[in-house]
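Undergrad: Take this structure first; my questions come after.
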Amino acid sequence: MSQNCISAAVEWFQFIMYAPTFILGLLFNIMALWFLFFKVKKLTESTVYMIALIFLDTLLLFTLPFKIISYHSQDNWTLGSVFCSTLESLYFVNMYGSILISLCICVDRYIAICHPFTALTLRSIKKAAMVCAVICLGTSTGTVSTFQLHGKGHNISSCFHNFSKSTWENVGLLSTLEIIFFGSMAAMTFCTAQTVRCLRKHRIPEHPQTRCSRAERIVVTNLVAFLVCFTPYHVAYFMYFLLRNNVIHISFQQVLRDTVQVTLCWANLNCCLDGVCYYFVLKDFRLNSVASPDLVTYTCTHIPVSFRLACVI
């Protein structure tokens, strides 16, 4: 077994996880996009971010069948080095693009609910589209790194794993990825806490099951899904980086290597959960569109008019 091979148990775990993640994720993401384009009549800042997130998640989902093939073939990748690097770019770049778009959704929601008057100047469809464009362009620069994961001029025989020694010694790459995630996590946790506090402040006690209470559950669910999916991988990745660079010395290197792959597989569940969550939110919005025909004013009907902005999506 080569230094970077995974165990047979992990290979089976990935297949069991990736197959339903791919099928259900693709199904619900396509259904959510269908709702956005054909059922939601008014384009808002929230829907712009949502379209970008679902698009990035869908691109990542398309790489999962090839990831299964890669781990099954181990060191016998036969689909070409360029194709492998392209798949790795879509996989890793879109993961962090999704993290940043999720952050934007959370911050946009926080501004809309907690600072409604400031939101009138900060939020616009054009600005949301520009932010999404900047994130997509910025994360696309990461393709330079992904095309060198196996070393310059290296003939790739193991796609999605068996990266070069120089990749694991790249402190800049590690720092960038960890800062993106943990920085986003801290900002999202703060914004979610403030958003929930504001929603509860304006909830009517006599009617606890209002749209505000549903909004609270959706807001908290988004954060919990984000933390549960991405945190284990980034902790395991950091530990494995320290191990490969001899900062820490432990005897169960194979276990930690397998842990990185398992947690990475777990992180991909977020693509499926995003689609499921936003599909049902949009479906609920559609059912309530007679009372609230604009997605921007969909929730929090008991909050003053100045607060009635995009507080769920």
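The values are calculated or read from the model by the stated rules, or taken from the named source; none is laboratory data. For clarity, every value in this text was computed on a predicted model and none was experimentally measured. Every residue, glycine as well, gets a Cβ built from its backbone with ideal geometry; the counts of neighbours run over all protein chains shown.
Undergrad: Just name the residue that is modelled with the lowest pLDDT out of those in region 146-156 that are in a loop (DSSP other than H, G, I, E, B) and touching a helix residue (DSSP H, G or I) at 6+ places or on another chain (Cβ under 8 Å).
TA: By that ranking, first place goes to His154.
Undergrad: Looking at Lys67, Lys41 in this structure, which one is part of a helix (DSSP H, G or I) and basic (Lys, Arg)?
TA: Checking each option against the conditions leaves just Lys67.
Undergrad: Just for region 44-64: of the residues that are assigned to a helix (DSSP H, G or I) and of a type in the set (S, T, N, Q), which one is farthest from Ile101 (Cα to Cα)?
TA: Looking at the filtered set, the residue picked out is Thr63.
Undergrad: Return the total of residues in region 73-123 being assigned to a loop (DSSP other than H, G, I, E, B) and surrounded by 19 or more Cβ atoms within 10 Å (Cβ to Cβ).
TA: Counting residues in region 73-123 that are assigned to a loop (DSSP other than H, G, I, E, B) and surrounded by 19 or more Cβ atoms within 10 Å (Cβ to Cβ) gives 2.
Undergrad: For region 32-46, indicate whether the set of residues that are touching a Gly at 6+ places or on another chain (Cβ under 7 Å), in contact (Cβ under 8 Å) with a residue 60 or more places away in the chain and among the aliphatic types (A, V, I, L, M) is non-empty.
TA: Yes, there is a match, as at least one residue in region 32-46 is touching a Gly at 6+ places or on another chain (Cβ under 7 Å), in contact (Cβ under 8 Å) with a residue 60 or more places away in the chain and among the aliphatic types (A, V, I, L, M).
Undergrad: Could you list, in sequence order, the residues of region 169-196 that are loosely packed, with under 14 Cβ neighbours inside 10 Å, over 19 Å from the mean Cα position of the chain (by Cα) and free of Cβ contacts under 8 Å to residues at least 24 places away in the same chain?
TA: Residues satisfying the conditions are Val171, Gly172.
Undergrad: When residues of region 230-257 are filtered for being assigned to a helix (DSSP H, G or I) and under 20 Å from Leu177 (Cα atoms), how many remain?
TA: 17
Undergrad: Return only the number of the condition from (1) modelled with pLDDT of 80 or more; (2) under 16 Å from Leu264 (Cβ atoms); (3) surrounded by 14 or more Cβ atoms within 10 Å (Cβ to Cβ); (4) not β-branched (Val, Ile, Thr) that Trp12 does not satisfy.
TA: Looking at each condition in turn, Trp12 falls short on (3).
Undergrad: Within the group Thr143, Thr195, Thr189, Thr139, which residue is modelled with pLDDT of 80 or more and under 13 Å from Tyr96 (Cα atoms)?
TA: That would be Thr139, the only listed residue that is modelled with pLDDT of 80 or more and under 13 Å from Tyr96 (Cα atoms).
Undergrad: To continue, here is another question. Which of the residues that make up region 94-127 are without any contact (Cβ under 8 Å) to a residue 40 or more places away in the chain and within 23 Å of the chain's Cα centre (by Cα)?
TA: Ile111, Lys126
Undergrad: Condition first: in a loop (DSSP other than H, G, I, E, B) and in contact with a helix residue (DSSP H, G or I) (Cβ under 8 Å, 6 or more places away or on another chain). Now tell me which residues in region 157-169 satisfy that.
TA: Ser158, Cys159, Phe160, His161, Glu169
Undergrad: While we're here: Considering only residues that are surrounded by 19 or more Cβ atoms within 10 Å (Cβ to Cβ) and either more than 20 Å from Leu61 (Cβ to Cβ) or of a type in the set (Lys, Arg) (or both), which ones fall in region 257-283?
TA: Arg257, Asp258, Thr259, Val260
Undergrad: From the list Leu53, Leu36, exactly one residue is in contact with a Ser or Thr (Cβ under 7 Å, 6 or more places away or on another chain), modelled with pLDDT of 85 or more, surrounded by 14 or more Cβ atoms within 10 Å (Cβ to Cβ) and under 25 Å from Lys126 (Cβ atoms). Which is it?
TA: Answer to the check: Leu53.
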